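Contents: one structure, followed by commentary.
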Amino acid sequence: MTTIRHHITEDLLMGYATGSLPQAFDFVVASHVSLSDDARARLETLEAVGGAVLCDMDGADIADDSLAKTLAKIGAMGPVMAHESACGVLPAPLQRVVGGDIDKVHWKSIGRGAKQCVLHSDDDASARLIYIPAGQAMPKHSHRGTEMTLVLQGAFRDEDGHYARGDMEIADEQVDHSPVAEPGEACICLVATDAPLKFDGIIPRIAQRFMNI
Ligand code: ZN
């Protein structure tokens, strides 16, 4: 059974419930929610409260179509209530994007055995799957915006802790880290960013252009 130690923050969950996150972040939240009973319960509470607030506002201060838009957006992501399929690596919302499980992902090599697959990219943010061989380090970097990382297989460690399947790490301008895949199994993560990362050193910066992250 998955034991999730690192959970999503309330503001991001609220952003998801109100349909105000960039779509790339929606992918990560929907995936986390489908792996985490705790996040699912918190989201249901927020949606219940949000629905009540929208009804109370009597349409005075909100666009007529904002609730409809939010519901359409949540509907488009599919039912977050769906439990993860018994043996899938990808949670249900990602399986809908990829058209199957991990064997259907079109990986591109990014060097040293690492691979990525960009699932979504627009002016606001991008979301990608990243595959890091067991025991391998990612280049040390900091952030210009928000980076959400959800572990789907294996585990990684950085200066802030150990992250395994279902765990979510949220990094921002204050965080400077060097994630390292734990030994034993390749680490596969879903990563969304809304601004380019800042890498130390020339080689990672060249790789960054290649990865477009
Ligand atoms: Zn990072």
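The values are calculated or read from the model by the stated rules, or taken from the named source; none is laboratory data. Since the model is a prediction, treat every value here as computed from it, not as a measurement. So basically every Cβ, Gly included, is an ideal-geometry build from the backbone, and we count neighbours across all protein chains shown. All accessible areas refer to the heavy atoms of the entire protein, side chains included, with ligands and DNA or RNA removed. Shrake-Rupley method; radii C 1.70, N 1.55, O 1.52, S 1.80 Å.
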Might you report the magnitude of the Cβ-based charge dipole of the range 1-45 about its Cα centre, with Lys and Arg at +1 and Asp and Glu at -1, to the nearest 20 debye? 100
Per residue, in Å², the accessible surface of the range 93-213 once ligands and nucleic acids are set aside, probe 1.4 Å: 47
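Around Gly201, what is the net charge, scoring Lys/Arg as +1 and Asp/Glu as -1 over all other residues with Cβ under 15 Å from its Cβ? Can you show the working numbers first?
On the way: positive: Arg112, Lys140, Lys198, Arg205, Arg209; negative: Asp176, Asp200.
So the surrounding residues net to +3.
With a sphere of radius 13 Å drawn around the Cβ of Gln116, what net charge do the other residues whose Cβ falls strictly inside it have (Lys, Arg +1; Asp, Glu -1)?
Numbers: positive: Lys108, Arg112, Lys115, Arg128; negative: none.
Here the charged neighbours net out to +4.
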Between His143 and residues 5 or more places away or on another chain, the pairs with built amide H atoms under 5 Å apart involve Val175, Lys198
Give me the dipole magnitude in Debye, nearest 20, for the range 136-196 about the Cα centre, with unit charges on the beta carbon: positive for Lys and Arg, negative for Asp and Glu. 200
